[in-house]
Each structure stands twice: as structure tokens, then as C-alpha cells.
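The values are calculated or read from the model by the stated rules, or taken from the named source; none is laboratory data. Owing to the predicted nature of the structure, the values given are computational and were not obtained by experimental measurement. All Cβ positions, glycine included, derive from the backbone under ideal geometry; neighbour counts span all protein chains shown. The protein model used for the area step is the full one, side chains on, heavy atoms only, and it has no ligands, DNA or RNA in it. Shrake-Rupley method; radii C 1.70, N 1.55, O 1.52, S 1.80 Å.
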Amino acid sequence: MKTRSQPTPHHTTDKRKDFTEVLGQTPFLENDDPLFWHGRLGCTLSSKESPMLHWESAQKPRDDHEAPDWLTASEFVDATSTMEKKVSLLAELLRVSKRTVVYTGAGISRAAGIGQAARGEGGTRNKTTTAQPTFTHHALTALFQEGLIHGWVQQNHDGLPQKAGFPQECINEVHGSWYDPSNPVVLYSGNLKTHECSWMERDARHADLALVLGTSLGGLNADQVATKPADRSLKGKSLGMVLINLQQTQHDGEASLRIFGKTNDALRALLTTLHIAPPRLPAVSEVLVKEPKERRVRVPYDANGKRSDTIQTWLDLRPGAAIRLNPNHNIQGAKQPIYMHIGARRPHRYKGERRPNRPGVGVVVRWNDRTVGIDLKIEGVHMLLAQWWLEAAKRGGPESLPIVNVDPHASGP
């Protein structure tokens, strides 16, 4: 094991400077370092008990990602006393961070019944658009409302943050969404939507602190949201990343703080430490977006769905309304076979059927409170738009809209 000094912060009133000085003096940790279980700020903890084994596996976390020899899918939980100290340290980091970006993976939606690619205790889950947000989704929304987090890069496609009240315009669904027909789920062979990719890269460059939850950090492009702040912390230029997971990851040694446990439990303790009232988990019927009085509203967007300070158009989401996809959609980039005739240069064959290439025009079918969605039929295939997009459009939140009407200037009845 490599030996190194154990820096301690100076006793000053500038807590952020204290943290960055320690991080600037502390290299990334090897997996046999005692602090590997706690993070590079672990030297400041009064309790450094190793986590307890919660579930054991000799297999790798994922079959589709490479992993170092020491890394398995085993799950660990911090002892109560250590968890308390780590959560208190996390609260301090959040208070002094200049800009905190959340980066989440499928692990935070396991409790909602949604499956994940990584192995883990608890078996398979198969809920999709009927799933309801977990305590973690509600807690992160509460932290956002308190001004303690400033953005969210979401690997998942499930819309659970928005169902918990997180604003659509503040969450980057970088890998696509079940609820955004202009940004379908991106296959591994596909390309990220240009806007979301650029947004993700900006967050990776400018985050002072990355709060990473429920992801195996297996080498995806978006993992830079976690790793770039960690890299900057080596020079004392950021607070790095905090990683909350049951499983270890190959990037654990880069973390400023490493917390082992379920995200629901860690965030419940965090809200208590920060004196933020824990959110009440609503019943399913209460989570549903309330039906607006109008399904046809004036919005500050141009005819192509781009937000504007000078133009207003109609957004008509009543059943039967004629719609078209935003011209900057990512249908071809996502490479979902069922949609590949939309925006294509030539006809596409799907399951033996020849589909003519089409521009992306369709119709609103119905509002579906069970999925909190609006069912659409676009070029012969079903797509889903979240109900919360209507309210987001009314307030001019997102930079662009997934769909617009074929005639957005029509006065109509």
C-alpha cells in the first residue's frame, strides 16, 4: 500500500477552503487504503469503522462493463455511528458548495420497482411508466427547493424526479426519456441528443460538488459529471464528488466522501441534519398531475418549439390536435428501431415491414393519469409526452418543447 501524509484542515471560518486544502493535498486512494471506504475527506471523520457486508456476490456488478479484479456486486452498509458522521460532513459540503450537481443512476429507482442493469440484492423489477417516486426523488426535490442543489443529470428514463416536483427545465435526461418524444431512450450504439450532451458537459466542467447516487460509474460518457469535479479537487479547485451507493465502484478512490447505504436512508438522515422537514410520500392518486383547466394554452415559444422573449404560440394538447416533433429531435441519434422511419432520409424496414420515411407528424390521442402522460400517435407509432410539460411550457421553463402543433398560430375555438 502506498504511504502518504494525513492532512488536516486549518481551524478557520472558511469551511470550503478547509475542505479544498485537504483535497488538494490528498491523492486518489488505492483500494487497499483504510480510507478507501470513507473517501479522501475521511481523515476528518472521528468515526472510521468499515462498512458491514449487507449482501455478498462474487460476480461483477455488470456483464457489459469492465471492472477491476477487486470489484464485485457485493453490497455494504455503513455502521450507524459512521453514517451519522458522514451525513454531517455531507451537510457541510452542501452548505459551502458553489454549485452542486446531482448525478443519478438506476439504483435510486429500485425502490420504485424499476429494474436496473447492474446486479444487486432483491431480484428483478419490471415497473415502468406507472412507477411512483421514492423518498430519494422527493428528498432531492426538497434540497433543490432549499437552494442546496442546482442541477440534476439523470441517467434514468423514468420521469420520477418530475413526478416528485422537480422542474423539467432543471433536469437533464441525458440518456433519453420515456416522457419526451423528441428524446427517446438512447441505445448504447446511439448518440446523445446534442442539447443534453452539451448541457451535461457544462455541468461536468462547472460543478463544484457532484452528488452521485445509485450508479455503478461503469464508464459511460456522462460519468464525467462525477469524475471531472473529482479531478479538479486534486488541485484544490473543487469539492469533488460524494458517492452514495450500496456497491463499490471503480471510482471510489476518487471520492471526497464515500457513503455506503440505501439512498433513501442516507437522504432521510441528511434532511434531518439540515433541519429540512422530510417530504411526505403521497398516495399514487395524489402524485398524478392535476388535470389543468385548459389543455390549450398560449406559450412563449416559436413555431418550432424554441423559447422566445417576443413570440407566443398556441400549444394545443387536446385529443385530436395535430402535432409534430420538434425539428431538433433525436430520433435518428437514439436508434430505437421502432422509430427509425421518423426523420430518416430513406424508407426503413422494421420487423419485416417497410415503413416510408416520414417527418414526424401525428395527433394527440388521450390523457392518461395512470402514467401521468399524454398518449400520442406519431407516424403510426405510439409515443408518450408527460403531462407536466404543459405547465412547464406555460411558465417558459425549458429551452425547447418536445412537440408543437402543426399550426401553432391558429386562433381556434
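Listing for the model above:
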read-out: Two-site FRET efficiency, residue 55 against residue 28, from Cβ-Cβ distance with R₀ of 45 Å, rounded to 0.05; value: 0.95
read-out: Length-normalised contact order of the chain in % [C-alpha pairs under 8 Å, at least 6 apart]; value: 17 percent
read-out: Whole-percent carbon and sulfur share, accessible surface of the chain, 1.4 Å; value: 49 percent
read-out: Selected from 278, 236, 154, residue furthest toward positive end of dipole (the chain; charges at beta carbon); value: 154
read-out: Cα-based shape type of the range 165-299, given that a ≥ b ≥ c are square roots of the gyration tensor eigenvalues and the cut on a/c is 1.5; value: oblate
read-out: Distance in nm between pseudo-label sites at residue 127 and residue 17 (7 Å out along the Cβ direction from Cα); value: 4.8 nm
read-out: Answer label for P(r) over Cα pairs in 10 Å bins from 0, in percent (calculated), chosen among (1) 5, 21, 30, 23, 14, 6, 1, 0; (2) 5, 21, 30, 22, 10, 6, 4, 2, 1, 0, 0; (3) 4, 17, 25, 25, 18, 9, 3, 0; value: (1)
read-out: The chain: angle of helix 194-206 to the longest principal axis, Cα-based, in degrees nearest 10; value: 20 degrees
read-out: Charge dipole of the chain about the Cα centre (unit charges at C-beta), most positive-ward option of 332, 191, 136; value: 332
read-out: Accessible solvent surface per residue of the chain, calculated while the other protein chains remain in place, 1.4 angstrom probe, Å²; value: 44 Å²
read-out: Size of charge dipole - the chain - debye, nearest 20, with Cβ of Lys, Arg +1 and Asp, Glu -1, no other charges; value: 1160 debye
read-out: Estimated vicinal HN-Hα couplings, Hz - the range 81-89 in sequence order (Karplus 6.51, -1.76, 1.60; Gly, Pro = x); value: 5, 5, 4, 4, 5, 5, 5, 4, 5
read-out: Reduced Cα scattering model of the range 309-352, Debye log10 I(q)/I(0), q = 0.22, 0.28, 0.34 Å⁻¹; value: -0.87, -1.02, -1.22
